[in-house]
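Shown next, in structure tokens, is the structure this report addresses.
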Amino acid sequence: MTSRTPWFSETGVGEELLLLHPGGTDSTAMAPLSAQLPDYRRLLVDRPGHGRSPDVDGAWSFTQMAEAVAQVLETHATPAHIVGWSDGAIVGLHLALRRPELVRSLVFGGAAFHRSGWLDGVLEGEPSEFMREAYAAISPDGGQYWPVVVQKAQQLHHREPDLSTQDLLRLRLPVLIVVGDDDQVRWPHLIEMLEALPDGELAVIPRATHGAIVEKPALLARLIREFHQPEPENGLAPIRRHG
């Protein structure tokens, strides 16, 4: 297997919006959210080894995945807003750090910037059967390759992400952290991220889990639109954003 531009699709007109799917799935996981954002030009990407994109040689890394996504964005004239969920958010964060000229803003959803930020046990166990079936239905590598995908994902999550607050301090673009109130990330970890970001915001979706992209896509889309407003307001009595 060799590296190649991953499968992607484009829909609609407006500002560029790239949606990055969670691990163990493909870009169809972002379809409910995409449908709530028809006023954007939406790019959906299947990362290497996911969905309609064949796998690449060797172990996975979030840096490698970000480079693959960059190949898609390099074909477009303007930087894109990035919306990523779970592993997709981590890929988006690496993309923003490595290729900031391609990224206009980042929505970092349901994820941790360092592997220590996940709650105990959430990365353990085997993927659901429906994930295997969905993979087998469209993967160019075939259903028999699924155990390799699972193993690569498990090894990736054992090593990464391994970013630091010093890495976050380098970001010079707006970042919205989004999480369900019953999600898989430690609250102190999210606060640490918020306080490290030069231009960060935090939104907590009520009665939502790690599956908020399919549980409450309309509310999430509203948050995204407000985040993208060109002149955001800081409220009546700002403290963190004072001055």
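The values are calculated or read from the model by the stated rules, or taken from the named source; none is laboratory data. Just so it is clear, the model here is predicted, and its values are computed rather than measured. Please note: Cβ atoms are built from the backbone with ideal geometry, for glycine as well, and neighbour counts cover all protein chains shown. Keep in mind that these areas ignore ligands, DNA and RNA; they rest on the heavy atoms of the full protein, side chains included. Shrake-Rupley method; radii C 1.70, N 1.55, O 1.52, S 1.80 Å.
For the chain, with a Gaussian network of springs between Cα atoms less than 10 Å apart, report the residue from Ser128, Ser53, Ser164 with the top mean-square fluctuation.
Maximum among the listed residues: Ser128.
So, R0 is 41 Å and r is the distance between the beta-carbons of Arg225 and Leu119; what FRET efficiency does that work out to, to 0.05? It would help to have the intermediate numbers written out before the result.
Values: r = 30 Å, r/R0 = 0.72.
Rounded to the nearest 0.05, the efficiency is 0.90.
Go ahead and set up a Gaussian network model of the chain, Cα springs under 10 Å, then flag whichever of Leu102, Leu169, Leu220 fluctuates most.
Evaluated over the chain, the most mobile residue of the options is Leu169.
Would you calculate, for the chain, the mean residue ellipticity at 222 nm contributed by helices, counting each DSSP H stretch of 4 or more residues as -39,500 (n - 2.57) and dividing by all residues, to the nearest 500? Provide the component values of the computation, followed by the final result.
Working: 9 runs with 82 residues, N = 243.
Using -39500 (n - 2.57) per qualifying helix, the result is -9500 deg cm²/dmol.
For the range 1-102, with all protein chains present and a 1.4 Å probe, just round the carbon and sulfur fraction of the accessible area to a whole percent. Don't jump to the answer; show the numbers that get you there.
Details: 1870 of 3480 Å².
Carbon plus sulfur share of accessible area: 54 percent.
Round to a whole number: what % of the accessible area of the range 139-243 belongs to carbon and sulfur, probe 1.4 Å? Let's see the in-between values first.
Values: 3180 of 6150 Å².
Carbon and sulfur: 52 percent of the exposed surface of the range 139-243.
Tell me the Rg and the Dmax, in Å, that the Cα atoms of the range 104-176 produce.
Rg then Dmax for the range 104-176, in Å: 15.9, 43.
To the nearest 10 degrees, how steeply does helix 129-138 sit against the main Cα axis of the chain, on a 0 to 90 scale?
70
Please work out the average accessible area per residue across the chain, using the 1.4 Å probe convention, and give it in Å². Walk me through the intermediate numbers first.
Values: 11510 Å² over 243 residues.
Result: 47 Å² of accessible area for each residue.
Kirkwood-based Rg over Rh for the range 1-44 (C-alpha set), two decimals? The partial results should precede the final answer.
Numbers: Rg = 11.5 Å, Rh = 11.2 Å.
For the range 1-44, the value is 1.02.
Quick check of the Kirkwood formula: for the chain, what is the inverse mean of 1/r over all pairs of different Cα atoms, in Å? Working shown, then result.
Values: mean 1/r = 0.0552 Å⁻¹.
Hydrodynamic radius (Kirkwood, Cα pairs) of the chain is 18.1 Å.
Give a quick list of GluC sites (Glu not before Pro) in the range 116-145 that DSSP marks as loop, anything other than H, G, I, E or B, with at most 13 other Cβ atoms within 10 Å.
Working: sites: Glu124, Glu129, Glu133; in loops: Glu124.
Qualifying residues, ordered by number: Glu124.
What's the local net charge at Trp146, with K and R +1, D and E -1, over the other residues with C-beta under 14 Å away? Write down the numbers at each step before the final one.
Details: positive: Arg132, Lys152; negative: Asp26, Asp55, Glu126, Glu129, Glu133, Asp141.
In short, -4.
Apply the Karplus parameterisation 6.51 cos²θ - 1.76 cosθ + 1.60, with θ equal to phi minus 60°, to every residue of the range 174-181 and state each ³J(HN,Hα) to the nearest whole Hz, in sequence, with x for glycine and proline.
x, 10, 10, 8, 10, 8, x, 6
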